[in-house]
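One structure below.
Taken together, the values in this text are just the output of simple stated rules run on the coordinates, not laboratory data. Quantities reported herein were computed from a predicted structural model and do not represent experimental measurements. Because the Cβ atoms are built from the backbone with ideal geometry, glycine has one as well, and the counts that use them run over all protein chains shown.
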Amino acid sequence: MITFDLKNNKVRNLNQSLHDSSSDNADFLVTNPNGKHSVAVAAMYATNITIDGHVGYYCAGMNQQAAVTVKGNAGSGLAENMMSGSVRVTGNASQYCAATAHGGMVVIEGDTAARCGISMKGVDIVVGGSVGHMSAFMAQSGRFVICGDAGDALGDSLYEARIYVGGEVKSLGADCIEKPMLAEHQAELKSLLKLAGMGAVDSSTFKRYGSQRKLYHFNIDHAGEY
Amino acid sequence: MSLNDELRSRLRESATFPRHVIAEIQRAAREGIYDIRGFGAKRRVPDFDDLLFLGASMSRYPLEGYRERCDTSVTLGTRFAKKPIELKIPITIAGMSFGALSAQAKESLGRGASIMGTSTTTGDGGMTEEERGHSDILVYQYLPSRYGMNPDDLRRADAIEIVVGQGAKPGGGGMLLGQKISDRVAEMRNLPKGIDQRSACRHPDWTGPDDLEIKINELREITDWQIPIYVKIGATRTFFDVTLAVKAGADVVVLDGMQGGTAATQDVFIEHVGIPTLPAVRLAVEALQEMDMHRKVQLIVSGGIRNGADTAKALAMGADAVSIGTAALIALGDNSPEYEDEYNKLGTSAGYYDDYQDGRDPTGISTQDEELAMRLDPELGGRRLANFLNCMTLETQTLARACGKSHVHNLEPEDMVALTIEAAAMAGIPLAGTAWIPGRNF
């Protein structure tokens, strides 16, 4: 176990270590993050990173292979543009969580603020609680599970991402519609919940949302939708 | 039946409704949608042609035109980066996407820039092997869409350019119409083939200058503080935007005036949003000087740069380098009379072609059609671009030597006068024959 106490050590030194091949398969413990920004960004190797406390902006941004656990809350842009690996937050996450992320899995045990999954490009996101407004805005691909409620304009201008919601949806965004929940979708949802460590959640009442694909080509008759 | 000479001589075109305005109203009534096109603003705005160099005389010594050295080297990103960019000429190639341009065009740009020792820039859609492989110095754009964005490409870039705005459409996002979304473009952007792809106008994970400072810090952490980070802005509230970009930690500010090109934007946006490059340069330099950051944070100016005269004048106003986009495409062969017949079939003519958005470019530059793209030989395209850059550099040196400067960066505002009151006011350069700068000295 390699310990970085950010009370006495710099985020710069932590990130430099995570970009070194010697971090492959190593276990890192980060203590006293105290809301610092850019903690554990672009970790290139299969490193287990436990962060004991709250983090600021862009924690685990562009994560490549690492498994990152934040024991606390996360600020804006958690796991933005993540490529693979996994990120788990035991508390809540702020806005833009998993923005534009390409792969891997992001799990938020609590709630997330606005624009979770904005422009997501293949990542899987599982939120144990609720998400704020404009979540999954322009979401391109990947799967997004919300166990609680969703705020206004869920999935606005959605492309091919699939969204599952267990609670209430305040409103759907442009071109986002409810779609039939078939057996294959139930199986996918259960699998995602299990992977996220939330296998005990009752998935039978979840609804599925996706793109109506009416805005894929600009059409003057749809101008009022924008 | 044609009009006779007498009747024709009595026709009077309206200044308010000239023929192109009438034609646009008729087109809009027919189609019900705004005109989307490429190229840049076509309206006349005050520009570098409205400035003149004074040249050396009794009070200043010129340098010998063909013998004495006039240096053109530029270093960019000296503020924080461990590896600043070293250019041999003060002219770079602006960001243009693979998707908007063919792979052959991107390779040509890389080849031409590399021959001349300067940089080229990716665009919306990510980094291709063609341009990385053929660009000795490659700037990687970080755009709101984040199409193709990944940390490996960030690390193999020579600099990062965070795009906040673009001169042709400050405040606007992008659009790549479905006819240009090939399998390869679709895969790079994680979107279905053939659909109209929208690029967002705002970044998805930061809002405002305070966030941008944190974002720049993240990118530096990802790249281990090795490479410079540029911030590109469209020219609007330039003084404040440059101030905020510098405060957010930019190594380099890229300023794109309203004459800057685009691959696909609404005509109304291109012609009616943003300010010309001429006043924008002055505002940017004033902002840098006020913070005592002029020459510490470098300034790259783009938007309607066409020749060495434009380059020299931008440098004299305080820029460190210029960037070309439309002019570079023309150097590759865009709007060439060689394809006049094919332009005519598209309802246009060489010299007027601006439909970069529709993917049928006969020169093979702004297309994803494989047969059309094959027409552009990247080696030949690169050579043409290098020739053009060489010519621009020689012209810039000629003007600098005439003003007695041994480095193009030694050009200064005092070397110039303005031809019009508008240009004098916008550039902060006195009207020729006077000491008058409108808005000052009162």
Value of Rg/Rh across the stretch A:76-130 [Cα atoms, Kirkwood radius]: 0.91
How far is it, in nm, from the label point at B:Ala56 to the one at B:Glu412 when both lie 7 Å from their Cα along the line to the Cβ? 1.5
Which percentage, to the nearest 5, of the DSSP beta bridges contained in chain B is antiparallel? 30
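Need the full-extension length gain, B:Met374 to B:Arg67, defined as separation in residues times 0.36 nm minus the C-alpha distance. One decimal, nm. Before the final figure, lay out the partial values.
On the way: separation 307, 0.36 × 307 = 110.52 nm, distance 4.23 nm.
Here the segment from B:Met374 to B:Arg67 would lengthen by 106.3 nm.
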Please list, in chain and number order, the residues 5+ apart from B:Asp71 or on another chain whose amide H is under 5 Å from its amide H, with Hs placed from the backbone. B:His407, B:Val408
Just to be sure I understand the model, the point goes 7 Å from the Cα along the line to the Cβ. What's the resulting B:Arg202 to A:Asp24 distance in nm? 4.2
Under a 10 Å cutoff between Cα atoms, tell me which one of B:Thr118, B:Thr311, B:Thr420 has the largest fluctuation in the Gaussian network model of chain B. B:Thr420
Just the Cα atoms of the stretch B:247-338: what Rg and Dmax do they give in Å? 14.5, 50
Return the long-range amide H neighbours of B:Tyr142 (sequence gap of 5 or more, or a different chain), with a cut-off of under 5 Å between placed amide H atoms. B:Glu161, B:Ile162, B:Val163
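Provide a whole-number value for the mean count of partner chain Cβ atoms within 10 Å of the Cβ atoms in peptide A:38-45.
On the way: counts 8, 2, 1, 8, 11, 1, 4, 0.
The mean count of partner-chain Cβ atoms within 10 Å per residue comes to 4.
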Principal axis box of chain A, alpha-carbon based, largest edge first, Å: 59, 39, 27
Could you work out, residue by residue across A:74-82, how many beta carbons of other chains sit within 10 Å of that residue's beta carbon, and then give the average as an integer? 4
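Which shape class applies to the stretch A:19-112: rounded if a/c is under 1.5, otherwise prolate when a/b exceeds b/c and oblate if not, where a ≥ b ≥ c are the square roots of the Cα gyration tensor eigenvalues? Provide the component values of the computation, followed by the final result.
Numbers: a/c = 1.72, a/b = 1.23, b/c = 1.40.
Since a/c reaches 1.5 but b/c is at least a/b, the shape of the stretch A:19-112 is classed as oblate.
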So what does log10 I(q)/I(0) come out to for the stretch A:90-194 at q = 0.14, 0.22 Å⁻¹, using the Debye formula with one equal point on every Cα and no solvent? -0.42, -1.15
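In terms of the Cα gyration tensor, with a ≥ b ≥ c the square roots of its eigenvalues, is the stretch B:305-393 rounded because a/c is under 1.5, prolate because a/b exceeds b/c, or oblate? It would help to have the intermediate numbers written out before the result.
Numbers: a/c = 2.53, a/b = 1.95, b/c = 1.30.
Note, shape of the stretch B:305-393 comes out prolate.
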Apply the Karplus parameterisation 6.51 cos²θ - 1.76 cosθ + 1.60, with θ equal to phi minus 60°, to every residue of the stretch B:63-68 and state each ³J(HN,Hα) to the nearest whole Hz, in sequence, with x for glycine and proline. 9, 4, x, 10, 10, 7
Given chain B, what whole percent of its Cα pairs are spread farther than 41 Å? 16
What is the set of long-range amide H partners of B:Thr92 at a cut-off below 5 Å, with H atoms built 1.01 Å from backbone N? B:Val322, B:Ser323, B:Ile324
Please compute P(r) over all alpha-carbon pairs of the protein assembly as shown, binned at 20 Å starting from zero, and give each bin as a whole-number percent. 18, 47, 29, 6, 0
Roughly what would the spin-label model give for B:Ile115 and B:Gln26, points 7 Å off Cα along C-beta, in nm? 4.4
Got a sec to turn the phi values of the stretch B:113-129 into Karplus ³J(HN,Hα) couplings, 6.51 cos²θ - 1.76 cosθ + 1.60 with θ = phi - 60°, whole Hz, x for Gly and Pro? 5, 5, 4, 8, x, 10, 9, 10, 9, 6, x, 5, x, x, 9, 9, 5
Say we join alpha carbon atoms closer than 10 Å with springs in a Gaussian network model of chain B; which of B:Gly304, B:Gly55, B:Gly167 then has the biggest fluctuation? B:Gly55
Value of Rg to Rh for the stretch B:398-442 (Rh from inverse mean 1/r over Cα pairs, i.e. Kirkwood): 1.06
Sorted largest first, the C-alpha extents of the stretch B:123-260 along its principal axes in whole angstrom are 41, 31, 26
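Take every DSSP beta bridge whose two residues both sit in the protein assembly as shown, then give the antiparallel share in percent to the nearest 5.
Working: 20 of 94 bridges.
The antiparallel fraction comes to roughly 20 percent.
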How would you classify the stretch B:1-143 from its alpha-carbon gyration tensor, with a ≥ b ≥ c the square roots of the eigenvalues: rounded for a/c under 1.5, else prolate if a/b is greater than b/c, otherwise oblate? oblate
At what distance in angstrom do the alpha carbon centres of the stretch B:57-104 and the stretch B:384-399 lie from each other? 11
Could you let me know the centre-to-centre spacing of the stretch A:1-73 and the stretch B:5-51, using Cα atoms, in angstrom? 59
Enumerate the residues in the stretch B:369-393 having an amide nitrogen under 16 Å from the point lying 7 Å beyond the Cα of B:Asn307 toward its Cβ. B:388-393
Identify which of B:Asn387, B:Asn190, B:Asn307 has the largest mean-square fluctuation in a Gaussian network model of chain B, with springs joining Cα atoms closer than 10 Å. B:Asn190
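Would you mind checking A:Lys170/A:Lys207; B:Lys88/B:Lys296; A:Lys36/B:Lys215; A:Lys71/B:Lys215 for any pair whose Cα atoms are more than 21 angstrom apart? Intermediate values should be presented prior to the final figure.
Details: A:Lys170/A:Lys207 13 Å; B:Lys88/B:Lys296 19 Å; A:Lys36/B:Lys215 13 Å; A:Lys71/B:Lys215 23 Å.
From the list (A:Lys170/A:Lys207; B:Lys88/B:Lys296; A:Lys36/B:Lys215; A:Lys71/B:Lys215), the Cα-Cα distance tops 21 Å for A:Lys71/B:Lys215.
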Hey, got the Cα dimensions of the stretch B:1-52 along the principal axes, in Å, largest first? 45, 39, 18
How about the stretch B:398-442: which trypsin sites (Lys or Arg not before Pro) there lie in a loop by DSSP and see at most 12 other Cβ atoms within 10 Å? B:Arg440
Provide the percentage of antiparallel DSSP beta bridges, counting only those with both residues in the stretch A:74-213; round to the nearest 5. 25
